[in-house]
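Below: the structure, in structure tokens.
The values are calculated or read from the model by the stated rules, or taken from the named source; none is laboratory data. What you are looking at is a predicted structure, and each value in this text was computed from that prediction instead of being measured. Ideal geometry is used to build each Cβ from the backbone, glycine not excepted, and the neighbour counts take in all protein chains shown.
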Amino acid sequence: MSAAASFELPPALEAHEPPEARGLARDDVRLLVATRSDGRLEHARFRDLPRYLRAGDLLVVNTSATVAAAVDARRDDGTAVELRFSTVPPHLPDGRWWLVELRVAGGAAPLRGARAGERLDLPGDAAAELLAPWAGSARLWLARLHGEAPQERHGRPVRYGYVPDPWPLDAYQTAFALHPGSAEMPSAGRPFTPELVARLVAGGVHLAPVVLHAGLSSPEIGEPPLPERLLVSEHTARLVNAVRGWGGRVVAVGTTVVRALESAAGQDGTVEPVRGFTRLVVTPERGLRVVDGLVTGWHEPRATHLELLEAAAGADLLARSYAEALREGYLWHEFGDSHLVLPETGS
């Protein structure tokens, strides 16, 4: 694991509410810009992003929309719990089978001690039957849903303990949200506003969509990412290949976009259309074949996402970025500040 993973996150650096509740516009969060060519670190605001990109670059965004994935449930003994729907499992995509996580009532912590065969009562006369622990996970179960899926009528956004108050689903959507399916917000795209997108396009920066429906992030050290549904269209594949051909930079907005693009890339970096599920785990050893730069947030200590970030930034630059962000009081998590990694500065 990268040296960037070896840090303690002070509670004061956890973003407890959306920036709008702190009197900031979405694109007014802080942005730490790190360039691989010279190791430079620069402090900016997210609205300054056009300064660091140039005409001919390509931003690839995730158009997955966040869904209300957490619902109240009740165990056989009457205990109230929270059930979180993560994703449909590969090869069982008909909506009756789910990977789910059980948490204590209110969602503050994972619930241990669930049993195979246990049936959970859900709102709307639905139920979930726990079939077996999901392979490689200490917290996720394969479950079969009986009755109508309760999320749309009875669900709420997934919320962790560092966010003390509930926020509406709109607070968990990005400007690019079109296709519902993510249990957790693809949060790297949250600081984009329509006005910022217009400025980027007016400056000659291209945008292309992918879809990757993000499951529940893991609090378990070393637990690999889940299989996740993705779509890289023919249009996006052709545009990525064209940008690489004319010397532009492919900049992924979020680790979900990195996973999608790298899942669609061949050994030589050529991207082909793909639809289905990805099990790809991006590590420094595997490296990046098509992604040149990355817009992302700040990730938990020892999170597996830091392996992907090391592949994008290199171990030294990543460690220095995290040390600088801690020193300068950047905010973590989905409502926090941002990090831009580029091979070199823009114009």
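Here are the numbers:
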quantity	calculated
So Leu99, is it in contact with a strand residue (DSSP E or B) (Cβ under 6 Å, 6 or more places away or on another chain), without any contact (Cβ under 8 Å) to a residue 60 or more places away in the chain and not small (Gly, Ala, Ser)	no
Verdict on Glu285 being assigned by TED's automatic domain parsing to the domain that holds Leu318, among the charged types (D, E, K, R), more than 15 Å from Val60 (Cα to Cα) and crowded, with 16+ Cβ neighbours inside 10 Å	no
Subset of the stretch 46-91 [acidic (Asp, Glu), more than 18 Å from Gly107 (Cα to Cα) and at pLDDT 95 or above]	Asp48, Asp57
Top-ranked residue of the stretch 108-150 - restricted to ones that are touching a Gly at 6+ places or on another chain (Cβ under 8 Å) and not aliphatic (A, V, I, L, M), ranked as modelled with the highest pLDDT	Glu129
Enumeration of residues in the stretch 313-339 that are touching a helix residue (DSSP H, G or I) at 6+ places or on another chain (Cβ under 8 Å), in a helix (DSSP H, G or I) and surrounded by 18 or more Cβ atoms within 10 Å (Cβ to Cβ)	Ala313, Leu318, Ala319, Ser321, Tyr322
Condition met for Pro227 (assigned by TED's automatic domain parsing to the domain that holds Phe277 and either at pLDDT below 95 or closer than 30 Å to Asp121 by Cβ (or both))	yes
Test: residue in the stretch 191-199 that is acidic (Asp, Glu) and more than 30 Å from Gly56 (Cα to Cα)	no
Some residue of the stretch 18-31 being of a type in the set (Asp, Glu), over 30 Å from Arg244 (Cα atoms) and surrounded by 15 or more Cβ atoms within 10 Å (Cβ to Cβ)	yes
Leading residue by the ranking (surrounded by the fewest Cβ atoms within 10 Å (Cβ to Cβ)) among those in the stretch 289-312 that are out of contact with any Leu (no Cβ under 6 Å at 6 or more places or on another chain) and at pLDDT 95 or above	Arg289
Any hit, the stretch 232-246, residues being aliphatic (A, V, I, L, M), in contact with a Pro (Cβ under 7 Å, 6 or more places away or on another chain) and under 25 Å from Asp337 (Cα atoms)	no
Leading residue by the ranking (surrounded by the most Cβ atoms within 10 Å (Cβ to Cβ)) among those in the stretch 57-71 that are over 26 Å from Leu145 (Cβ atoms) and either out of contact with any Phe, Trp or Tyr (no Cβ under 6 Å at 6 or more places or on another chain) or free of Cβ contacts under 8 Å to residues at least 12 places away in the same chain (or both)	Val60
Verdict on Ala171 being in the same structural domain as Gly189 (by TED's automatic domain parsing), surrounded by 14 or more Cβ atoms within 10 Å (Cβ to Cβ) and either farther than 30 Å from Arg22 by Cα or at pLDDT 95 or above (or both)	yes
Flag if Arg238 is assigned by TED's automatic domain parsing to the domain that holds Arg26, surrounded by fewer than 21 Cβ atoms within 10 Å (Cβ to Cβ), at pLDDT below 95 and out of contact with any strand residue (DSSP E or B) (no Cβ under 8 Å at 6 or more places or on another chain)	no
From the options Arg45, Arg74, Arg84, residue that is in contact with a helix residue (DSSP H, G or I) (Cβ under 9 Å, 6 or more places away or on another chain) and crowded, with 16+ Cβ neighbours inside 10 Å	Arg45
